[in-house]
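Since the structure comes first, as C-alpha cells, the remarks are kept for the end.
The values are calculated or read from the model by the stated rules, or taken from the named source; none is laboratory data. Every value quoted in this text rests on a predicted model; they were computed, and no experiment measured them. Positions of Cβ are backbone-derived with ideal geometry, glycine not excepted, and every protein chain shown enters the neighbour counts.
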2 protein chains.
Amino acid sequence: MSKVRKQTWRFDHPIYLAATGTAVGPLEAKGPLVESFDKKFEHLDCGEQTWSKAERALMRRSISACLAKAGKVEGDIDLFLAGDLMDQSVTSNFIARENRIPFLGMFGACSTSMETLATGAQLVDSGFADNVLCAVSSHNATAERQFRYPTEYGGPTKLTQTFTVTGAGATIVTREPGKVLVKEATIGRVIDWGIDDASNLGTAMAPAAADTIWTHFQDTGRKPEDYDLIVTGDLSSVGSPILDEILLEKGLDITNVHQDCGTMVYTSDQPVSAGGSGCACSAVVTYGYLYNRLSEGSLKRVLVVATGALLNSSTPKEKETIPCIAHAVLLESAKEVQP
Amino acid sequence: MSKVRKQTWRFDHPIYLAATGTAVGPLEAKGPLVESFDKKFEHLDCGEQTWSKAERALMRRSISACLAKAGKVEGDIDLFLAGDLMDQSVTSNFIARENRIPFLGMFGACSTSMETLATGAQLVDSGFADNVLCAVSSHNATAERQFRYPTEYGGPTKLTQTFTVTGAGATIVTREPGKVLVKEATIGRVIDWGIDDASNLGTAMAPAAADTIWTHFQDTGRKPEDYDLIVTGDLSSVGSPILDEILLEKGLDITNVHQDCGTMVYTSDQPVSAGGSGCACSAVVTYGYLYNRLSEGSLKRVLVVATGALLNSSTPKEKETIPCIAHAVLLESAKEVQP
C-alpha cells in the first residue's frame, strides 16, 4: 500500500469485488433499480415471524446470492466484516453465528457499508486475508421501532425525514481478477455541526460528507471531473444540496457528478419523504446498480461516500446534537476502454 | 505479515504499544490492581451530570493519559478504533467527535478491547497507519440500565451474574520501539451453545473462548506452557472453570496459566457476584496491570482472550440464545532476558 497523507488509503495490489449480492423489500422492488437486485421479498416480513428475523433474512439472502455468484462457499472466506443499525448490531452477530466465519463487527451507522468495504480491501491488500465477506443490512420496521416509533403506530413523518431502506448488500473482496476494482478508501472523521433534529439526518450528515470528499480530493489531487459519479449514501433530497453548497463555498463543484443513493433507490412518487436511508441504502445501490454499471464499463470511476449519523435513541433525549461520519471508497471498472 | 492458517495473524514487523492509559471508577479503585490505573474517579458519576457522560469521561481520561505517556498529541494519530456497550456505541462516537481523528467504530461487545487492538496492530504492520489509538469503555450504571434495570431500582442479582466494570482503557499501536510487543492475533468465530440466560454470560461465553484458544494453539503449534499467562476477558468465576473443562476434554490443559480479568480486577469480598465484566474489564487489566508486568519483564508472553456476548436487550425477550465471540492477542515483553 501507499499512504496519501493520513486519511486516504491507496491499494497497491489490484483488489477486486469477486461478486456482490443484494436483497430488498417490496417497496424497493417497486423502485427504479429493481432489475439490479438479486432477491426481492414480496412482503415486508420476508416470510419471518418477527421484524428482527426479517432483517436477518435480508442479510442471509444477500450473502447467499453473493457467494453463489462468486462461486465460493463459506469455507473459502477468511473474514466476515458486518454491521447494521440494530442495538449491538445483532443482525450481523446472528448471521455470523450461522456462517461461522471469523468475524469482526463494525459500526458506523449507515456508513458501515463503506467502512466494512474499506477495511476488507485493506486486509486483502496487506495479505492478512484472501477473501473477505462484507455485509450490511437495515429494515424499515426494525429501524423505525428502535429509533422512532413502531411503524404499526402510524405516526406522521416530517418532510425532512428519510425512510429506512429494507434491504441488505454483500460483497466479497479478493485479489482474484474480477470486473470491479477497489482502488482507494478515505476514512472519515466525526463531524457535528450542531443539528439536534433526529428527523433531519440529511442536514446533519452533509458536513461529514463534505469533509470526507474534500479530504479525498486534497489527498489524491484529482478533480470532480475525473469521476463519472460521486454518490453519497443517504443525504436525501434535503441533505444533498447542502453538501453541494458546502463544497461550492470551498471552491469544489461536484454538482455535475453528484447523486445520492437515497434519491436513486426510489421514484419521486414513492412515499418516502426526503428519500431512502439506512445501511442498506448505499449498499443495495452500490452492490446492485453501480456494480452492474462498473462491470459492463458504462461507468469507469465511482466514489461511494457512505454517510452515517452516530446517534442512538437516547442521545436526542439527553439534549445531544448528532455526530456524523462518512467513509469513501473509490471503485473502478476493470473493463478495458475500447479505443 | 504471514498468515498461519485462516484465523491467526502474525505480525512481521515489530509492532509495539507506545503507551497505555486507564481510568476506573471507585469500586475498581478499591480492587487489588489499583496501583496500575492512571485515573481513579472517586464517584461513580465521574463528576458528570449523567451516566452517559460519566462513561465518556472514563474514555476521555484513559486516552489523555495514554497520549501523555506516549508523548503524542491527537494530531500524531492516524486512526481511532473504538467501541463500547452502549446502543450504537455512542461513547466512542462522541469521543471521536472530540478528538477528530479518522475513526472506525467496532463492535464485539466485551471482546472489542482485543478486536480493536488486533485490527490496529494489523493496520500498523501493513503500513496503512503509523499510529493507531485503540480504546474501549464500560460503565456499570449505563450497562445495567440498558441491558437489565437501572441500578437505582436496587434489583437483586443472581450468583452467576457478573458486574460491569466502570472503566476505560486505551493504547497506541506503533512501529516505534516500546516496551511491549504485539506479536499475533487470533480472530474469533461466533459460537452459541444454546445458553439463553442473560444473567449467566460467563457460561455462554466459555465455549467461544475455548474455540479461539484451541484455534490459536492449532495455528501456532505452541503449548500452554509456552505462555506465562492466558487471561480471558470476563468469564468470571462461573465461566472460567467451564472453559478449562472444555479444553481439558479436548486434551489441552491451560489450568496452570489461565486467569480471568473478571476475577483479577476485584477482591473476592467485593460485591460483584461472579466477577467483573464489560469492555473495560479486559482493557483495564491488560492496559494497566499486564502492561506494567510485561514492561518490566516479569511477564514475558501473555495471551489476552477478550470474550463478548453478542446479545442486545431485546434478543432474550425474542427467545434467542446468546451468540458469543472471543478475540485473542499475543503480547510479549520487549525487555531482553538477563542471562
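Of the residues making up region A:31-38, one or more are part of a loop (DSSP other than H, G, I, E, B), over 17 Å from the mean Cα position of the chain (by Cα) and not charged (D, E, K, R).
Residues in region B:200-259 that are β-branched (V, I, T) and free of Cβ contacts under 8 Å to residues at least 24 places away in the same chain: B:T255 alone. Residue count for region A:53-77 under the criterion of being within 10 Å of chain B (Cβ to nearest Cβ) and surrounded by 22 or more Cβ atoms within 10 Å (Cβ to Cβ): the result is 1.
Could you check how many residues of region B:154-172 are within 21 Å of B:I230 (Cβ to Cβ) and at pLDDT 95 or above? Final tally of qualifying residues: 3. Just to be sure I understand, how many residues within region B:188-216 are among the β-branched types (V, I, T), closer than 23 Å to B:P316 by Cα and surrounded by fewer than 24 Cβ atoms within 10 Å (Cβ to Cβ)? Adding up the residues that qualify gives 3.
Report, by residue number, each residue of region A:169-189 that is within 16 Å of the chain's Cα centre (by Cα), outside any loop (DSSP other than H, G, I, E, B), closer than 26 Å to A:I213 by Cβ and not charged (D, E, K, R). Give the steps one after another, and end with the answer.
Our first condition is that a residue be within 16 Å of the chain's Cα centre (by Cα); within region A:169-189, this holds for A:169-173, A:182, A:184-188.
Retained after the next criterion (residues that are outside any loop (DSSP other than H, G, I, E, B)): A:169-173, A:182, A:184-186.
Add one more test, that the residue is closer than 26 Å to A:I213 by Cβ, and what stays is A:169-171, A:173, A:182, A:184-186.
A:G169, A:A170, A:T171, A:V173, A:V182, A:A185, A:T186 - these are the residues of region A:169-189 that are within 16 Å of the chain's Cα centre (by Cα), outside any loop (DSSP other than H, G, I, E, B), closer than 26 Å to A:I213 by Cβ and not charged (D, E, K, R).
For first residues located in region A:168-194 and in the same structural domain as A:A209 (by TED's automatic domain parsing), partners that are part of a loop (DSSP other than H, G, I, E, B) and among the hydroxyl-bearing types (S, T, Y) and lie 6+ apart or on another chain with Cβ distances below 6 Å form the pairs A:D192/A:T321; A:G194/A:T321. Scanning region B:111-152 for residues that are outside any helix (DSSP H, G or I), within 10 Å of chain A (Cβ to nearest Cβ) and over 20 Å from the mean Cα position of the chain (by Cα) yields a total of 5.
One residue stands out among those in region B:217-241 that are assigned to a helix (DSSP H, G or I) and crowded, with 19+ Cβ neighbours inside 10 Å: the one that is farthest from the chain's Cα centre (by Cα), which is B:F217.
Only one residue in B:Y149, B:Y227, B:Y153 is over 22 Å from A:F128 (Cα atoms), touching a strand residue (DSSP E or B) at 6+ places or on another chain (Cβ under 6 Å) and of a type in the set (F, W, Y), so which one is that?
Working: B:Y149 fails: touching a strand residue (DSSP E or B) at 6+ places or on another chain (Cβ under 6 Å); B:Y153 fails: touching a strand residue (DSSP E or B) at 6+ places or on another chain (Cβ under 6 Å).
One residue alone meets the criteria, B:Y227.
So that you can scan it fast, the table gives a plain yes or no per residue for (1) crowded, with 20+ Cβ neighbours inside 10 Å; (2) under 16 Å from the mean Cα position of the chain (by Cα); (3) hydrophobic (A, V, I, L, M, F, W, C):
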{"position": "A:Q270", "(1), (2), (3)": "no, no, no"}
{"position": "A:S282", "(1), (2), (3)": "yes, yes, no"}
{"position": "A:L303", "(1), (2), (3)": "yes, yes, yes"}
{"position": "A:T307", "(1), (2), (3)": "yes, yes, no"}
{"position": "A:N312", "(1), (2), (3)": "yes, no, no"}
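Scan region B:81-90 residue by residue and report those that are among the hydrophobic types (A, V, I, L, M, F, W, C) and facing chain A (nearest Cβ under 9 Å). Spell out the reasoning first.
Of all residues in region B:81-90, those among the hydrophobic types (A, V, I, L, M, F, W, C) come to B:81-82, B:85-86, B:90.
Residues satisfying the conditions are B:L85, B:M86, B:V90.
Within region A:178-197, the residues that satisfy the criterion of being away from every other protein chain (no Cβ under 12 Å), closer than 25 Å to B:F80 by Cβ and in contact with a helix residue (DSSP H, G or I) (Cβ under 7 Å, 6 or more places away or on another chain) are A:V182, A:I195.
Which residues, taken from region A:293-314, are more than 24 Å from A:Q7 (Cβ to Cβ) and not hydroxyl-bearing (S, T, Y)? Break it down stepwise before answering.
So the first thing to find is which residues in region A:293-314 are more than 24 Å from A:Q7 (Cβ to Cβ), and the list is A:293, A:295-299, A:312-314.
A:R293, A:E296, A:G297, A:L299, A:N312 - these are the residues of region A:293-314 that are more than 24 Å from A:Q7 (Cβ to Cβ) and not hydroxyl-bearing (S, T, Y).
If you filter region A:159-179 down to residues that are among the small types (G, A, S) and surrounded by 24 or more Cβ atoms within 10 Å (Cβ to Cβ), you find that the one that is nearest to A:T20 (Cα to Cα) is A:A170.
Could you please let me know if A:E98 is within 22 Å of A:L330 (Cα to Cα) and facing chain B (nearest Cβ under 9 Å)? No, not satisfied. Of the residues examined, A:V90 is not one that is aliphatic (A, V, I, L, M), in contact with a strand residue (DSSP E or B) (Cβ under 9 Å, 6 or more places away or on another chain) and surrounded by fewer than 22 Cβ atoms within 10 Å (Cβ to Cβ).
Counting only residues that are within 14 Å of chain B (Cβ to nearest Cβ) and under 27 Å from A:I191 (Cβ atoms), give me the helices (runs of 4 or more DSSP H) lying completely in region A:245-339 with at least 1 of them. Working first, answer last.
Details: elements: A:261-264, A:279-284, A:291-296.
It comes to A:279-284.
As a summary of the residue check, A:G21 satisfies the conditions (1) under 17 Å from the mean Cα position of the chain (by Cα); (2) closer than 27 Å to B:P102 by Cβ; (3) not polar (S, T, N, Q) except for the one numbered (2).
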